[in-house]
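Undergrad: Right, I'll just put the structure down here and ask away after.
The values are calculated or read from the model by the stated rules, or taken from the named source; none is laboratory data. These numbers come from a predicted model, not from an experiment. Because the Cβ atoms are built from the backbone with ideal geometry, glycine has one as well, and the counts that use them run over all protein chains shown.
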Amino acid sequence: MTGKIWTWIAVAIVVIGGGWWLLSGSSAPKAEAGPIKVGFIGPLTGDAASYGIPFQNAVKMATDEINASGGINGRQLQIIYEDGKCGTAAASAAQKLISIDHVQIIIGGFCSGESLAAEPITTANKVILFSPGSSSPKLTGISKYFDRNYPSDSLPAIKIAQLMTQKGLKNVGVITETSDAAVALRQAFVDEFQKLGGNLIADESFTTGTTDFRSALTKIKSANPDAVYVIGQTPASDELIIKQMDDIGLKTQLFGGFELFGGEKMLQDIPNLLEGAIYMEPSLDETATTTKSFIDKYTAQYKTFGGLPTIYAATSYDAVYIIKDMIEQYGMNTDVIAQGLRQLKDWHGAEGTLTIDQNGDPQFQYAVRVIHNGKVENLK
């Protein structure tokens with residue numbers, strides 16, 4: 001071969017080799033750098049902040065622990081907090097988190113109204129919405145991108161209806177907040193109670209923020225119910241209702257729609273008025289090692305759970321660790337994470353042992369609680 005031919009061969013080798021380097025080397029995926037951003041939507045202002053702030057505290061505590069231990073796959077976890085105001089404000093919060101902060105996972109909403117408002121936006125963008133507090137039955141199976149580690153209220157509502165029937169409480173009055181979770185719980189209760197032969201002899205409702213319930217409670221009193229079922233969504237509203245029941249002399253068996261009757265605030269504020277009150281909540285063994293460790297750490301750092309029952313704080317704390325495990329296993333592919341969440345089985349955390357079903361709902365056992373001498377006890 002002539003020198004010119006060898007020169008062209010050398011040029012070709014350089015060109016081909018350089019092209020291969022451009023295709024395989026410079027364009028190869030680079031390891032992600034910087035923090036992993038995860039959104040948060042919860043009620044940070046208004047009456048519902050009494051449990052939104054403890055929710056935020058539990059999330060912060062878990063995040064700090066994870067980051068102190070090296071983060072997730074060597075990257076720090078950054079939570080971006082948005083106020084969902086326990087309702088439709090969660091829609092704009094979700095839009096901001098997705099469009100501006102570019103998150104692919106959101107922990108929240110806490111209130112059911114927040115999750116119902118945010119879900120169409122997160123689903124449209126294939127963003128994971130993982131709730132530690134939303135309990136509306138409407139959320140069951142709503143989207144493959146929505147899951148929760150706090151259960152639907154349909155089961156406890158049905159169980160309360162059955163318990164009333166067993167106790168011979170045939171004529172019942174109900175007062176319900178017009179929030180998504182409360183309305184859905186009421187409907188599940190009414191369907192079961194009437195199916196069992198019970199009579200709803202008074203059925204009153206109130207809007208969020210109401211402070212005077214006397215007119216509605218007077219109507220309930222005039223019906224002479226065997227029991228009153230209070231389905232408010234915040235400690236503030238429940239406490240006012242119970243105080244005003246006492247003011248007008250409405251004295252009958254009291255049932256709570258949510259776990260708020262067992263929260264620290266109500267037990268401290270009105271223990272005598274809660275005597276004998278019955279409600280249901282997911283079973284939580286506070287003596288279990290992991291649960292006790294969480295409670296001890298939380299109370300050492302924040303002193304009190306405020307208006308938030310312990311089970312909610314535990315699910316809020318666990319939500320961060322569940323998301324951590326999903327990212328470590330599946331990266332940031334939300335389609336794969338969505339599948340992974342519904343394959344979660346016997347996961348152990350502060351809330352106990354967790355399994356999530358194919359509808360995105362956790363499997364929980366419930367306990368019937370009664371207030372006795374200002375303390376929560378199991379109903380015997």
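Undergrad: Consider region 255-271. How many of its residues are exposed (fewer than 15 other Cβ atoms within 10 Å of the Cβ) and at pLDDT 95 or above?
TA: Number of matching residues: 0.
Undergrad: Name the pairs: first residue in region 264-287 and closer than 20 Å to Tyr229 by Cβ and hydroxyl-bearing (Ser, Thr, Tyr), second residue surrounded by fewer than 23 Cβ atoms within 10 Å (Cβ to Cβ) and modelled with pLDDT of 90 or more, Cβ to Cβ under 6 Å, at least 6 apart or on different chains?
TA: From residues that are closer than 20 Å to Tyr229 by Cβ and hydroxyl-bearing (Ser, Thr, Tyr), the pairs are Tyr279/Arg369.
Undergrad: Scan region 222-255 for residues that are of a type outside the set (A, V, I, L, M, F, W, C), assigned to a helix (DSSP H, G or I) and in contact (Cβ under 8 Å) with a residue 40 or more places away in the chain and report the count.
TA: The total comes to 2.
Undergrad: Quick one: how many residues across region 273-286 are exposed (fewer than 14 other Cβ atoms within 10 Å of the Cβ) and modelled with pLDDT of 95 or more?
TA: Adding up the residues that qualify gives 2.
Undergrad: Turning to a different aspect of this structure: In region 47-61, which residues are in contact with a strand residue (DSSP E or B) (Cβ under 9 Å, 6 or more places away or on another chain) and among the aliphatic types (A, V, I, L, M)?
TA: Ala48, Ala49, Ile53, Val59, listed by residue number.
Undergrad: Return the pairs, sorted by first residue and then second, in which the second residue is hydrophobic (A, V, I, L, M, F, W, C), the first residue lies in region 193-221 and is in contact (Cβ under 8 Å) with a residue 60 or more places away in the chain, the beta carbons are less than 8 Å apart, and the residues are 6+ apart or on different chains.
TA: Every condition considered, the pairs that remain are Thr208/Cys86.
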